[in-house]
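Working notes, beginning with the structure itself.
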Amino acid sequence: MSLYCGIACRRKSFWYSRLLSTYVTKTRYLFELKEDDDACKKAQQTGLFYLFHNLAPLLQKSEHQYLVPQHSLLELESLLGKFGQDTKRIEDSVLIGCSEQHEAWFALDLGLNSNSSINASLKKPEIETELKGSFTELRKALFQLNWKDASLLSMAQALLRWHDAHQFCGRSGQPTKKNMAGSKRVCPSSKIIYYPQMAPVVIILVSDGTRCLLARQSSFPKGMYSALAGFCDIGECLEETVRREVAEEVGLEVEKLEYSASQHWPFPNSSLMVGYHATVKPEQTEIHVNLRELEAAAWFSHDEVAAALRRTNAYTQQQKQNETFPFWVPPKQAIAHQLIKEWVEKPTSSTLTA
């Protein structure tokens, strides 16, 4: 028995080491591509490209989800040539990852025109017809993508948007230049290096011990409630932002909080969502909704929220059939869903720390 366990442990250690080694080699390879323009350009020769048009990714609709087509450099050059475009615009692409075999992945927006020397942007309908797909707003498609594609497209859109919005130096006013991988922009005049940034946002599931508080904004889909969220102010730590946002939005004071997880979120301009569970005193639970921030907020019981989680999985099908549907919560790919699910599974945790 002990011999078997020893063999099993060694096998587990071997596979763990192999997994770690793969991650490290991929990370170092991507670092090399970000720092070496020649290496990145060489990687494009055998790499694959994800296409966008004005920040909307090219997708192909299947029965239950979206598929994300990839294109080789030769296919992309052929497409650009067919529409009378200069293949030099491929230099506007950004590096977004690679496979375990070091096949690099890039994203290119055919609608944005960050280089004035290149012809005007390609017309969307013609490209969609040629590529047998459609450029779909990412916010609408995100929850019908698998985890890998959703993550890659979120990163790609965030990078493409950042480059489109940071073409000039804030100090000199002169045009900045993107490196081949798109990991930075440099001002030739001031020598300032600009790196893509994310805005920190806290997302908080508030509980009084037996109920959780959920809210909605007017922009939410009909019937959807979610956790509270807000941007960090300059000078704040995350814990201070949690307490301030809860006080501002629903008029409650946080007594205890616990970190859960984080998630990159591409909307509106690339955010880092930092998730927390927060508790308030049971005797101080009267909600005062800030109508400048929220449309509504309410306390929900454990059974109500558990039912909403089950209902959310059927939301897409109901929506397709134009059916009416009651209270539901964000889909499982969103960190808000994770926070709500954690609370349902352990609603009265005694491990919360101040």
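Quick notes on this structure:
- Full extension of the segment from residue 45 to residue 296, taken as 0.36 nm per residue of separation minus the current Cα-Cα distance, would add 85.1 nm.
- From the coordinates shown, Cα extents along the principal axes in Å corresponds to which of [x] 67, 47, 39; [y] 67, 65, 50; [z] 57, 50, 43: [y]
- Couplings 3J(HN,Hα) for the range 72-81, derived from phi with the Karplus relation 6.51 cos²θ - 1.76 cosθ + 1.60 (θ = phi - 60°), are 6, 4, 5, 5, 5, 4, 5, 4, 5, x Hz, where x marks Gly and Pro.
- DSSP-defined beta bridges in the chain - what % are antiparallel, rounded to 5: 75 percent
- Qualifying trypsin sites (Lys or Arg not before Pro) in the range 260-311, where qualification requires a DSSP coil assignment and no more than 15 other C-beta atoms within 10 Å, comprise 292.
- Pairs of Lys residues in the range 199-345, spaced 8 or more positions apart or belonging to different chains, with C-alpha separations under 24 angstrom: 8 in total.
- Taking 27 Å as the straight-line reach from the Cα of residue 42, the lysines in range (excluding those fewer than 8 positions away in the same chain) are 26, 34, 82, 88, 148, 177, 178, 184, 191.
- Taking amide H as placed 1.01 Å from N in the peptide plane, residue 212 has its amide H under 5 Å from the amide H of 300, each at least 5 places away in sequence or on another chain.
- Neighbourhood charge, 14 Å Cβ-Cβ cut-off, centred on residue 80 and excluding it, Lys, Arg +1 and Asp, Glu -1: -4
- The stretch between residue 103 and residue 284, if pulled fully straight at 0.36 nm per residue, gains 59.6 nm over its current Cα-Cα span.
- Computed E for residue 174/residue 234 - FRET, C-beta separation, R0 41 angstrom, nearest 0.05: 0.90
- Karplus-derived 3J(HN,Hα) values for the range 85-97, using 6.51 cos²θ - 1.76 cosθ + 1.60 with θ = phi - 60°, are 9, 6, 5, 4, 5, 4, 5, 7, 5, 10, 7, 10, x Hz; glycine and proline are entered as x.
- Net charge contributed by nearby residues that have their C-beta within less than 15 Å of residue 111 (K/R +1, D/E -1): -3
- Modelled FRET efficiency - R0 45 Å, residue 218 with residue 72, Cβ distances, 0.05 increments: 0.55
- Here the Karplus curve 6.51 cos²θ - 1.76 cosθ + 1.60, taken at θ = phi - 60°, turns the phi angles of the range 326-336 into couplings of x, 3, 9, 10, x, x, 5, 6, 8, 5, 4 Hz, with x standing for Gly and Pro.
FYI, it's all coordinate maths here, none of it is from the lab. Worth saying up front: this structure is predicted, and the values here are computed from it rather than measured. We place every Cβ from the backbone using ideal geometry, glycine too, and count neighbours over all the protein chains shown.
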